[in-house]
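To keep things clear, I will list the structure first and then write my remarks on it.
Any read-out appearing in this document is the output of simple, stated calculations on the displayed coordinates, not a laboratory observation. The model shown is predicted, which means the values in this text are computed figures rather than measured ones. Methodologically, a virtual Cβ is constructed for each residue, glycine included, from the backbone with ideal geometry; neighbour enumeration extends over all protein chains shown.
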Amino acid sequence: MTKPLMAKATAVWLVDNTTLSFKQIADFCGLHELEVQGIADGDVAAGVKGFDPIANSQLDASEIEKGEKNPLHKLKLKFNPASVGEEKRRGPRYTPLSKRQDRPAAILWLVKFHPELADAQIGKLVGTTKPTIASIRDRTHWNINHITPIDPVALGLCRQSELDAAVQKAAKKRAAEGSVMTDDERRKLVSTEQSLGMSTEPKIPSSIAGLENFSLSKSEEDEEKNPADYSNADSFFNLPHGDDDDEDDDN
């Protein structure tokens, strides 16, 4: 642990009950100095109840005394066995309220352009549940007709590196299963930088290489040796020569 539990509430308590500098409190709680100043001004953490670090065995009273006497003194976090491993615990990704309405659009984009991603991967990327993903996959979502697919990176729901990592993981899984992918699917399974550097022109199989230069028309060299005669209508339309026309006239 590098910072106390309930860091912001601890900062509130230290601001209200000590004469420590904003920097000392910020360094101890893992906050920005301006954020601590905002707590003191009442602009940040309004309504948050202070959390006593001394009563909760996170800080010794002697450390606060040293810090109040010496502004350069850095508070030392007291070892608390109960807090071991607390930083490693991770729950579902938190999505701000302002962006939660964008999740269906992001899910539809992932389902449409990256169908190889598992529901668990999509849920981890955008912070949603499997039933929601399933409703969008089978188009039973209540608002499916008004959802437009939008890149979750553009919406700020995940980072490009996270999306690329999930896609690469899906690529390895497909390769292990031995499934055959089209060029378009293969392009989607690589990172953004790699896909942008790939050629968009279709490749001709090696077994029929060389056919791209094949042509049914006469070569320019043959045309120069035997130029076509278009001096009259018969030559131009390649009409047959014979006496059939004369016989029709006689009849």
Long-range amide H contacts for K76: which residues qualify at under 5 Å (H placed 1.01 Å from N, peptide plane, sequence gap of 5 or more or a different chain)?
none
For the peptides 49-61, 134-146, what is the packing order when you average, over each peptide's residues, the other Cβ atoms within 10 Å and list the highest mean first?
49-61, 134-146
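Of K49/K78; K23/K69; K49/K69; K49/K99, which ones are farther than 18 Å apart at the Cα? Walk me through the numbers before you get to the answer.
Details: K49/K78 21 Å; K23/K69 14 Å; K49/K69 26 Å; K49/K99 27 Å.
Distance filter (> 18 Å) returns K49/K78; K49/K69; K49/K99.
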